[in-house]
Amino acid sequence: MRLPLVTALAVLALSPAAARAADPPLTVSKGKLAASLKCAGALKGSAKQPLMLVTGTGASGDEAHAIGKGAFDAWGAPVCWVNFPDYTTGDVQIAAQYLVAGIRTQARRAGRPIAIFGISQGGLLPRIALTYWPSLRAKVTDVLAAAGTQHGTNVFTTAACLPGGCPPAVWQQAAGSKFLAALNAQPDESPGPTAWTTVRSTSDEVVQPQGGAHPTSALKGAANVLIQSVCPGRATSHIGTALDSVTFAAFADALGHRGPAKLSRLPKDVCAHPYAPGLDEAGTTSLLGLAGGLT
């Protein structure tokens, strides 16, 4: 199928000048933006920094929270998430607007900056938001992007989408997409003062390449963590990257220190358990077997 043309807002947002200008307006209705945000736990006065969980393509925020709930409950921080339109398969540029509104609302309700934990497209969306809505950078101390589609995945290509068509988000995250070419032409892949940490797995079956000189999930200016460099031989799937013990240890380290995560500070026993604290090993393994290849 032929994808609809991008809106005038999207064209503006992808221009280099826009990244230096004031925040572009949101075109999605306030009602839809407000209805998409859900939170668990009291944001105001929380002992731990509030978190924004950002889901990947093909899943709702509700589903992403349900999958990781045990880990977030064990961490003990209030968590918010966004239910993006069409199970996060629609135009990434529209999904970014939902995230922008969610960040603004959560930070305002909390009365303090928040941290973001994103998986796959959920690792890409915070980068889009903080690149083109620069006022958000003061509202987000840290971004942890697990298996992010930062430079596109060669598992899906724009050429492969041409015969039968792909949902907009799959098209935009494919290797060679014009959308990612425009984003990656920006001079700063990890806009600060926000600290950026990425985590990836060489055995990711959906987002590749994850090895070599230019891993797709890695970002210039970020702490880029390869799970197999910490736990050699570990086979971690795409969705499993978000639940991996290394990922959560890196997230906890980043939140506990100024700047991104450092491998030298990770717990010595981080490889002793496959998943984040709070996740049942047998149940999580079974769940990941049913999850499929969400992007």
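The values are calculated or read from the model by the stated rules, or taken from the named source; none is laboratory data. Note that the structure is predicted; figures quoted are calculated from it, not measured. Counting neighbours? That spans all protein chains shown, and the Cβs are built from the backbone with ideal geometry, glycine included. SASA here: full protein model, heavy atoms, side chains in, ligands and nucleic acids out. Shrake-Rupley method; radii C 1.70, N 1.55, O 1.52, S 1.80 Å.
General observations
- Selection of the range 115-149 for residues being buried (at least 24 other Cβ atoms within 10 Å of the Cβ), under 19 Å from Tyr87 (Cβ atoms) and of a type in the set (Val, Ile, Thr) yields Ile119, Thr149.
- The one condition from (1) within 13 Å of Leu124 (Cβ to Cβ); (2) at pLDDT 95 or above that Ala174 does not meet is (2).
- Filtering the range 52-77 to residues that are open to solvent by less than 20 Å² (accessible area, probe 1.4 Å) and touching a Pro at 6+ places or on another chain (Cβ under 7 Å) leaves Val54, Ala71, Ala77.
- Just one residue in the set Arg104, Arg112 is modelled with pLDDT of 95 or more, open to solvent by 10 Å² or more (accessible area, probe 1.4 Å) and closer than 18 Å to Leu26 by Cβ; that residue is Arg104.
- Where a residue in the range 222-240 is touching a residue at least 60 places away in the same chain (Cβ under 8 Å) and its partner, wherever it lies, is part of a helix (DSSP H, G or I), with Cβ under 9 Å and at least six apart: His238/Ala291; Ile239/Ile67; Ile239/Leu287; Ile239/Leu288; Ile239/Ala291
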